[in-house]
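Undergrad: Got a structure here, written out as structure tokens. Questions coming.
Bear in mind that the values in this text are calculations on the coordinates, not laboratory data. Everything numeric here is computed off the predicted structure, so don't read it as measured data. Every residue, glycine among them, receives a Cβ derived from its backbone with ideal geometry; neighbour counts consider all protein chains shown.
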Amino acid sequence: MRQVALRNGTRVPALGLGTWKMGEDVRQRAQEVRALQTGMDLGATLIDTAEMYGSGRAEEVVAAAVKGRRDSVYLVSKVLPQNASRAGTVKACEASLKRLKTDRLDLYLLHWRGQVPFAETMAGFDDLMQAGKIRGFGVSNLDLKELTEWLAVSRADKTLANQVQYSLDQRGIDFDLLPWCLDRRIALMAYCPLSQGRVPETPVIKRVAERHRATPAQIMLAWVLRHEHVIAIPKSSRPERVRENVKAADIVLSAEDLMELDREFPPPRKPQPLAMS
Ligand code: NAP
């Protein structure tokens, strides 16, 4: 699995595993655990979760999946904006750690911007860093203006990542946010890289897929991963799809592939509002 070096020197897999919608149906739990374990076995050892997902139950699924192998996993979780005051951030993180049955998170993100001033959230992240409860912090769903505001807050310069929606058919950030983050070595974590399962099976995607003996979903992922500092976190609760998704990290799209895809999914020519799911 190709690795991405974060600005703090940590290396993480370019393709990780999403967990939104996991933990919502107890009958699916064993398969969800198996899906995450399949991904980890294949080198996708970055797991993205959040206190929001299944109201904490996704974190419990993750705990079951990483049991006995916590040290080989890069664990990411997120604090809800309404909890993101200084004390609230610490409390939310401690609750996540409890559900995840671990003593630290590798990366803790502000899920999106709410009413709490950024400086408060940053102070909470700082307290958690000092206590060794998180190893790094970042943000999610911040557009360029908001990210600039966030980075102006004292000590926010250590921000490791901005997690935003990014896929072939939602590529507005190609205009400004993505190059801006990559220039500053802020990792771009692409969520919904498979458009939440609505993979557009157009003739062009199918043709590119055939050239690589791949599936359209794999081409969607390979397209997101064409940048060196972009991390994709597709979610699947099915082990066979996780295998398919992980293999996409080995596909290198040619200039011809990219040109054809650009014709069908044109790059933005002006700033776009940030897509959010
Ligand atoms: P996604 O990864 O783009 O798509 C997931 C959907 O695609 C699921 O319905 C899945 O179904 C299906 N799928 C997976 N692999 C497939 C394949 N090879 N072929 C066809 N369909 C496939 O969307 P997402 O789950 O919304 O986003 C990924 C992760 O990003 C989330 O799980 C979450 O961790 C994170 N996220 C973060 C935010 C944020 O605000 N920061 C927002 C959204 C998501 P099965 O499970 O049945 O395979």
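Undergrad: Applying the selection to the stretch 83-122, what residues are in contact with a helix residue (DSSP H, G or I) (Cβ under 8 Å, 6 or more places away or on another chain), part of a helix (DSSP H, G or I) and within 21 Å of ASP143 (Cα to Cα)?
TA: Keep residues of the stretch 83-122 that are in contact with a helix residue (DSSP H, G or I) (Cβ under 8 Å, 6 or more places away or on another chain), which gives 83-93, 95-96, 99-105, 108, 110-116, 118, 120-122.
This time we only want the ones that are part of a helix (DSSP H, G or I), so: 83, 86-93, 95-96, 99-100, 118, 120-122.
Passing the criteria: ASN83, PHE118, GLU120, THR121, MET122.
Undergrad: A further question on this structure: Counting only residues that are touching a Gly at 6+ places or on another chain (Cβ under 8 Å) and either of a type in the set (A, V, I, L, M) or part of a strand (DSSP E or B) (or both), which one in the stretch 32-53 is farthest from VAL12 (Cα to Cα)?
TA: The extreme case among them is ASP48.
Undergrad: Test ASP183 against the criterion of being touching a residue at least 40 places away in the same chain (Cβ under 8 Å), away from the ligand (no atom under 12 Å from the Cβ), surrounded by fewer than 21 Cβ atoms within 10 Å (Cβ to Cβ) and farther than 19 Å from GLN3 by Cβ, and give yes or no.
TA: Considered against the rule, which asks whether it is touching a residue at least 40 places away in the same chain (Cβ under 8 Å), away from the ligand (no atom under 12 Å from the Cβ), surrounded by fewer than 21 Cβ atoms within 10 Å (Cβ to Cβ) and farther than 19 Å from GLN3 by Cβ, ASP183 comes out as no.
Undergrad: How many of the residues in the stretch 149-166 are over 17 Å from TYR74 (Cβ atoms), surrounded by 20 or more Cβ atoms within 10 Å (Cβ to Cβ) and among the β-branched types (Val, Ile, Thr)?
TA: 1
Undergrad: Looking at the stretch 40-58, which of the residues that are small (Gly, Ala, Ser) and touching a Ser or Thr at 6+ places or on another chain (Cβ under 9 Å) is nearest to SER72 (Cα to Cα)?
TA: Among them, the one singled out is ALA44.
Undergrad: Still on this structure: Got at least one residue in the stretch 197-205 being surrounded by fewer than 24 Cβ atoms within 10 Å (Cβ to Cβ), under 17 Å from the mean Cα position of the chain (by Cα) and free of Cβ contacts under 8 Å to residues at least 24 places away in the same chain?
TA: Scanning the stretch 197-205, I find at least one residue that is surrounded by fewer than 24 Cβ atoms within 10 Å (Cβ to Cβ), under 17 Å from the mean Cα position of the chain (by Cα) and free of Cβ contacts under 8 Å to residues at least 24 places away in the same chain, so the answer is yes.
Undergrad: Any idea which residue in the stretch 2-30 is nearest to the ligand (Cβ to nearest atom), counting only those that are over 13 Å from the mean Cα position of the chain (by Cα) and buried (at least 17 other Cβ atoms within 10 Å of the Cβ)?
TA: Quick first cut of the stretch 2-30, residues over 13 Å from the mean Cα position of the chain (by Cα) only: 2-3, 5-11, 21-30.
Those still in the list that are buried (at least 17 other Cβ atoms within 10 Å of the Cβ) too: 6, 22-23, 29.
Working: LEU6: 17, MET22: 8, GLY23: 11, ARG29: 13 Å.
So the residue we want is MET22.
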